[in-house]
Amino acid sequence: MPLDAALKDAMLAAVPSLRAFAISLSGNVDRADDLVQETLLRAIANIDSFQPGTNMSAWMFTILRNLFRSEYRKRRREVEDADGSYAESLTSHPEQSSHVEFKEFRTALAKLPPDQREALILVGASGFSYEEAAAICECAVGTIKSRVNRARTRLADLLSIESAEDFGPDHTTRAILAAGGGRG
Amino acid sequence: MKDDDKAGRPGQMQTELNQRKPRGRLGRDVQSKIGQQLRAMYDGVVSEGVPDRFNEMLRQLDEKKDQNEKGAD
């Protein structure tokens, strides 16, 4: 199974956004990195099924998403999380600044149903089109659109944003200051 | 929800329009705030680049492959 340098580079190039996707999905950096590692191994093992010329990043997102979902189904049987406390515990990871800056937002994100969360992240943060997100999630484009809409509505609700000011300058300024200060 | 709470807050004037929006539909500004926050969070992770463990893992796989190929010859 030869893996040529160009494919390897394309895989590594996808890693930063795969991590961001995995962290957004799982809310946990260590788990996310394990998911990314597993994704890389699967991608290498199945490189023959990758169509050259297509989007390597989208292909790897599909692998990661499937891995996460099968793991999620397993975990759900293990952990009853009626009040969302498990979801909250997943969002804390104090030692890395960029992961705590958005604690409130992450906590809200963790409360979304997984279908809605992944749709929102793929479209709203990863920069995939609705069509690409639908391919990654193996569902209809209309389904993705409605999940993204429901996710936004629910987030606005959870974060009590009724107008831009509710999420206003204080929040944003603090986040920016924290981002600047945290990486110095 | 609690419109009274907003009285006297700085930037109040800009919110007046938004507050007239019907419930159940998000204003464009709210959507864009959520989008900003989401992207900022996401991009924060992206900017960390590729952690060493992944470079290292691929390097080790390459080495193993080389050894296997040499062994097979």
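Looking at A:D34, A:D48, which is the one that is more than 13 Å from chain B (Cβ to nearest Cβ) and acidic (D, E)? It would help to see each step written out before you state the result.
Details: A:D34 fails: more than 13 Å from chain B (Cβ to nearest Cβ).
Result: A:D48 is the single residue among A:D34, A:D48 that is more than 13 Å from chain B (Cβ to nearest Cβ) and acidic (D, E).
Confirm whether B:D62 is loosely packed, with under 15 Cβ neighbours inside 10 Å, more than 7 Å from chain A (Cβ to nearest Cβ) and modelled with pLDDT of 90 or more. Quick ask: steps written out before the conclusion?
Values: loosely packed, with under 15 Cβ neighbours inside 10 Å: yes; more than 7 Å from chain A (Cβ to nearest Cβ): yes; modelled with pLDDT of 90 or more: no.
No, not satisfied.
Restricting attention to region A:14-54, report how many residues are part of a loop (DSSP other than H, G, I, E, B), over 20 Å from B:L58 (Cβ atoms) and open to solvent by 20 Å² or more (accessible area, probe 1.4 Å).
Residues of region A:14-54 that are part of a loop (DSSP other than H, G, I, E, B), as a first pass: A:27-28, A:46, A:50-54.
Retained after the next criterion (residues that are over 20 Å from B:L58 (Cβ atoms)): A:27-28, A:51, A:53-54.
Now drop any that are not open to solvent by 20 Å² or more (accessible area, probe 1.4 Å), which leaves A:28, A:51, A:53-54.
Residues that pass the stated criteria total 4.
Looking at region B:26-51, I want the residues that are at positive phi and have a partner that is open to solvent by less than 10 Å² (accessible area, probe 1.4 Å) and assigned to a helix (DSSP H, G or I) with Cβ atoms under 9 Å, at least 6 apart or on another chain. Which pairs are those?
Once the first residue is at positive phi and sits in region B:26-51, its partners that are open to solvent by less than 10 Å² (accessible area, probe 1.4 Å) and assigned to a helix (DSSP H, G or I) give B:G49/A:V15.
Here's the yes/no breakdown for (1) more than 7 Å from every other protein chain (Cβ to nearest Cβ); (2) surrounded by fewer than 15 Cβ atoms within 10 Å (Cβ to Cβ); (3) modelled with pLDDT of 50 or more:
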site	(1), (2), (3)
B:D3	yes, yes, no
B:R20	yes, yes, no
B:Q31	no, no, yes
B:D66	yes, yes, yes
B:A72	yes, yes, yes
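Return the residues of region A:21-56 that are of a type in the set (A, V, I, L, M) and in contact (Cβ under 8 Å) with a residue 40 or more places away in the chain; say none if nothing qualifies.
Within region A:21-56, the first condition is being of a type in the set (A, V, I, L, M), and the residues that meet it are A:22-23, A:25, A:29, A:32, A:35-36, A:40-41, A:43-45, A:47, A:56.
A:A22, A:I23, A:L25, A:V29, A:I44, A:A45, A:I47, A:M56 - these are the residues of region A:21-56 that are of a type in the set (A, V, I, L, M) and in contact (Cβ under 8 Å) with a residue 40 or more places away in the chain.
Would you pick out the residues in region A:8-23 that are out of contact with any Pro (no Cβ under 9 Å at 6 or more places or on another chain), within 8 Å of chain B (Cβ to nearest Cβ) and within 14 Å of A:N55 (Cα to Cα)?
Correct list: A:K8, A:M11, A:L12, A:S17.
The values are calculated or read from the model by the stated rules, or taken from the named source; none is laboratory data. Values in this document were obtained by computation on a predicted structure and should not be read as measured data. Virtual Cβ from ideal backbone geometry, glycine too; neighbours counted across all protein chains shown. With ligands, DNA and RNA removed, areas are computed over all heavy atoms of the protein, side chains included. Shrake-Rupley method; radii C 1.70, N 1.55, O 1.52, S 1.80 Å.
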